[in-house]
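Please read the structure below before turning to the comments.
The values are calculated or read from the model by the stated rules, or taken from the named source; none is laboratory data. Keep in mind it's a predicted model, so treat the numbers as computed, not measured. All Cβ positions, glycine included, derive from the backbone under ideal geometry; neighbour counts span all protein chains shown. Side chains are part of the model used for accessible areas, which takes the heavy atoms of the whole protein and leaves out ligands, DNA and RNA. Shrake-Rupley method; radii C 1.70, N 1.55, O 1.52, S 1.80 Å.
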Amino acid sequence: MNADSAAGASFGMMDLDGLPTFDIATPTLVRARALQQRVDRKYLLAANDMAPLLHRLHPHHLLLRAGREAWARYENLYFDSPERGLFHAHRRGCRPRYKVRIRHHLDRQLTFLEIKRKENSGRTVKLRLPMPYGDNELGSRERQFIETHTPIDAARLVPLLTISFLRLTLVGSAINERVTVDRQLIFCIGCQTRQVSGVVIAEVKQSQYANHDGAVRALRDLHATAEPISKYCVGTVMLVPARANVFKPAVRAILRLSS
């Protein structure tokens, strides 16, 4: 029996707290759906719409598990210049633009430095560098990685915002897409904390835009529309005074859904 078959035999299907029972994606399929270069779209949904969405995805998607759990625990630490240059580049719609973060996969005890670049074409490219688990410091190795792949002066980066959340990840069995569903978001800057409940953020990641199949079709069936949501930017707007007209519709939608 190969490793993929063994994984399927060992873990079978996983029940998501009364939600649809998904088959587990094999390591081979997970690697094929990595989509480090992709197009992506985010959707805001009321928490009550999560079950209908997952029922629509169930026949054509498999679960990427976190250890033996369905919902993975994530913690992201975002870096920016003291004047929040990366935030303001996003606010102004600049391309290419960048986000720099350290991501902790708490269940798997893995940590990565990640750079996300939004290109002129609209495609997203993600680069990552493994780090010691739990490390939140940018050392010389990490700063060199940042300066190799971005025009950012890494010496000016400081940690500004932490976001923790739960994530469910599904991959298409036939369609080349990856779908994430995030809930229980907590934003933190210093001693200020804001928890967002009653809202889920669904993100569809594809090799190229496909509008009539898979998760996009399922979301359209639920009358969800794509929103230009950045968790880093939304969390910043919620916690500190910042010029934010472009982000106000997303913030208002989150507050409306979570009320």
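Every test in (1) surrounded by fewer than 17 Cβ atoms within 10 Å (Cβ to Cβ); (2) in a strand (DSSP E or B) is passed by Asn120 save one, and that test is (2). Against the conditions (1) at pLDDT below 95; (2) small (Gly, Ala, Ser); (3) part of a strand (DSSP E or B), Ser164 satisfies every one except (1).
Among residues of the stretch 1-35 being assigned to a strand (DSSP E or B) and either aliphatic (A, V, I, L, M) or out of contact with any strand residue (DSSP E or B) (no Cβ under 6 Å at 6 or more places or on another chain) (or both), the one that is modelled with the highest pLDDT is Ile24. Considering only residues in the stretch 51-67 that are out of contact with any Asp or Glu (no Cβ under 9 Å at 6 or more places or on another chain) and surrounded by fewer than 19 Cβ atoms within 10 Å (Cβ to Cβ), the one that is farthest from Ile254 (Cα to Cα) turns out to be Pro59. Can you pull out the residues in the stretch 123-145 that are among the polar types (S, T, N, Q), in contact (Cβ under 8 Å) with a residue 24 or more places away in the chain and surrounded by fewer than 14 Cβ atoms within 10 Å (Cβ to Cβ)? Asn136, the sole residue that qualifies. Scanning the stretch 239-259 for residues that are of a type outside the set (Ser, Thr, Tyr), assigned to a helix (DSSP H, G or I) and touching a strand residue (DSSP E or B) at 6+ places or on another chain (Cβ under 7 Å) yields Leu239, Ala250, Ala253, Ile254, Leu257. Of the residues making up the stretch 94-117, those that are assigned to a loop (DSSP other than H, G, I, E, B) and either in contact (Cβ under 8 Å) with a residue 60 or more places away in the chain or polar (S, T, N, Q) (or both) number 1. Checked against (1) closer than 21 Å to Leu113 by Cβ; (2) open to solvent by less than 40 Å² (accessible area, probe 1.4 Å), Gln36 passes all but condition (2). Residues that are assigned to a strand (DSSP E or B), within 30 Å of Ala244 (Cα to Cα) and in contact with a Phe, Trp or Tyr (Cβ under 9 Å, 6 or more places away or on another chain) within the stretch 36-88 comprise Val39, Arg41, Arg73, Tyr74, Glu75, Asn76, Tyr78, Asp80, listed in sequence order.
Note on the stretch 203-259: among residues that are β-branched (Val, Ile, Thr) and buried (at least 16 other Cβ atoms within 10 Å of the Cβ), the one that is nearest to Arg167 (Cα to Cα) is Val204.
Just checking, does the stretch 127-147 include any residue being in a strand (DSSP E or B) and within 21 Å of Glu83 (Cβ to Cβ)? Taking every residue of the stretch 127-147 in turn, none turns out to be in a strand (DSSP E or B) and within 21 Å of Glu83 (Cβ to Cβ). From the list Thr169, Thr148, Thr162, Thr193, the one residue that fits, being open to solvent by less than 30 Å² (accessible area, probe 1.4 Å) and hydroxyl-bearing (Ser, Thr, Tyr), is Thr169.
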